[in-house]
Amino acid sequence: MLRWFNKNKKTDKKAPYTNEEWVELLSEPPNGQAVQELRKFLVRGLKPALSKYVDRELDQFVEDVAQDALLKVLDNIHTFRGDSKLTTWAMKIAVREGLTVLRRKRWNNISIEDLKGPNADDDSGEIFSEVFSSGSPTPELTAAQKMMVEKVQDIIQNVLTDKQRKVITAIMIHDLPVTVVAEQMNTNRNNVYKLVYDARKKLKNEFEVQGINPEEMLNNLSGE
Amino acid sequence: MKLSTDILKNMLRAVIGTKEEEIGCDDCFDKLDSFIEMKLAGKSPEQAMPLVQDHLQRCKDCRQEYEALLEALQNLGSEV
């Protein structure tokens with residue numbers, strides 16, 4: 001996306017600017033010098049922040065992320081409320097941009113439709129075998145553990161909606177990022193988080209209805 | 001997929017910790033810059049914004065962004 005930079009919107013100053021100055025300089029048409037100063041600032045912050053996630057061509061990756069983030073900052077400059085320094089707000093946008101790209105790359109060959117849930121036929125029993133081998137000292141306890149696991153699996157299967165089960169499976173069992181799940185479900189992170197929240201509440205309520213104490217269950221699974 | 005007792009324990013902890021009032025990723029992101037500036041100033045954003053703190057503990061994506069943002073700003077030091 002090309003943007004018309006106003007060379008006439010001049011400033012005698014250089015960064016650091018006040019928030020008011022930043023907003024004035026970055027509002028349409030943005031001042032070219034201020035845009036470049038912000039871009040360089042983002043690059044300097046993104047490098048150490050993302051280096052542990054990028055195994056090669058970090059400089060180019062960070063430049064690309066900074067450029068994309070800069071466009072988002074310019075497009076949303078009117079929404080900046082001044083709750084923080086503008087540079088902190090811009091870096092927040094840039095960090096999310098970079099990590100979102102990295103998450104997409106990392107998980108691009110995984111479809112949440114293919115993920116198996118806790119009741120999938122081919123893995124039923126694996127959780128039990130692990131419970132049995134987790135050091136529980138008595139057969140009575142392992143039998144009790146097995147019953148608890150079955151109970152939780154039944155509740156997940158029968159109480160949650162398909163969508164809730166899908167997000168619980170993807171995020172809590174397979175450890176997929178919320179960002180990736182949201183994109184695959186054509187929704188946003190907030191909606192996915194709400195699905196997880198509703199699922200947790202449903203499970204909590206159902207435990208109460210069935211007289212299950214999850215703290216006690218947790219202690220038993222931990223062998224305490 | 002191999003399920004483990006660790007996953008089940010994490011699920012139980014998440015269920016046990018479910019509160020009536022929680023914020024989502026949008027609200028957390030909205031307040032993250034203020035939260036982190038308080039942190040950098042040596043104040044206690046955890047106490048001032050407990051719902052943000054709570055969300056950061058629950059949501060891996062938001063926590064990862066918080067940690068990366070903190071890393072970025074700490075490295076920039078006086079430039080921020």
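The values are calculated or read from the model by the stated rules, or taken from the named source; none is laboratory data. These numbers come from a predicted model, not from an experiment. We place every Cβ from the backbone using ideal geometry, glycine too, and count neighbours over all the protein chains shown.
Tabulated data
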read-out	value
Selection within region A:66-92 - in contact with a helix residue (DSSP H, G or I) (Cβ under 6 Å, 6 or more places away or on another chain), over 20 Å from A:G32 (Cβ atoms) and assigned to a helix (DSSP H, G or I)	A:T88, A:W89, A:M91, A:K92
Tabulated pairs, region A:159-177, first hydroxyl-bearing (S, T, Y), second assigned to a loop (DSSP other than H, G, I, E, B) and crowded, with 22+ Cβ neighbours inside 10 Å, C-beta under 8 angstrom, 6+ apart or interchain	A:T169/A:P118
Every pair of residues 6+ apart whose Cβ atoms lie under 9 Å, when the first sits in region A:93-106 and is more than 10 Å from chain B (Cβ to nearest Cβ) and more than 13 Å from A:L71 (Cα to Cα) while the second is assigned to a helix (DSSP H, G or I) and among the polar types (S, T, N, Q)	A:R104/A:T179
Condition broken by B:L76, with the remaining ones in (1) under 28 Å from A:V192 (Cβ atoms); (2) facing chain A (nearest Cβ under 8 Å); (3) touching a Phe, Trp or Tyr at 6+ places or on another chain (Cβ under 8 Å); (4) not acidic (D, E) satisfied	(1)
Odd one out for A:L42 among (1) under 18 Å from A:L86 (Cβ atoms); (2) surrounded by fewer than 19 Cβ atoms within 10 Å (Cβ to Cβ); (3) within 14 Å of chain B (Cβ to nearest Cβ)	(2)
Region B:17-28 - residue that is in a helix (DSSP H, G or I) and more than 7 Å from every other protein chain (Cβ to nearest Cβ) and, of those, surrounded by the most Cβ atoms within 10 Å (Cβ to Cβ)	B:C28
Pairs where the first residue, in region A:55-66, is closer than 15 Å to A:A94 by Cβ and the second is in a loop (DSSP other than H, G, I, E, B), C-beta under 7 Å, 6+ apart	A:F61/A:V54
A:A15 vs. criteria in contact with a Gly (Cβ under 9 Å, 6 or more places away or on another chain) and at the interface with another protein chain (Cβ under 9 Å from one of its Cβ atoms)	no
Contacts under 6 angstrom Cβ, first residue in region B:15-29 being at negative phi, partner of a type in the set (A, V, I, L, M, F, W, C), 6 or more apart	B:V15/A:L203; B:I23/B:L51; B:C25/B:C62; B:C28/B:V52; B:C28/B:C62
Subset of region B:30-59 (residues that are part of a helix (DSSP H, G or I) and facing another protein chain (nearest Cβ under 7 Å))	B:L32, B:D33, B:S34, B:I36, B:E37
Count of residues meeting criterion [closer than 18 Å to B:L76 by Cβ and surrounded by fewer than 16 Cβ atoms within 10 Å (Cβ to Cβ)] in region A:21-39	1
Residues that are aliphatic (A, V, I, L, M), crowded, with 17+ Cβ neighbours inside 10 Å and not in a loop (DSSP other than H, G, I, E, B), drawn from region A:45-65	A:L46, A:A49, A:L50, A:V62, A:V65
Members of region A:57-112 found to be small (G, A, S) and at pLDDT 95 or above, listed by number	A:A66, A:A69, A:G82, A:S84, A:A90, A:A94, A:G98
Residues satisfying the stated conditions in region A:72-85, i.e. within 22 Å of the chain's Cα centre (by Cα) and surrounded by fewer than 18 Cβ atoms within 10 Å (Cβ to Cβ)	A:K72, A:N76
Unmet requirement for A:K9, which otherwise passes all of (1) surrounded by fewer than 16 Cβ atoms within 10 Å (Cβ to Cβ); (2) over 25 Å from A:R189 (Cβ atoms); (3) modelled with pLDDT under 95; (4) not aromatic (F, W, Y)	(1)
Helices (runs of 4 or more DSSP H) fully within region A:151-224 counting 3 or more residues that are more than 11 Å from every other protein chain (Cβ to nearest Cβ)	A:162-167
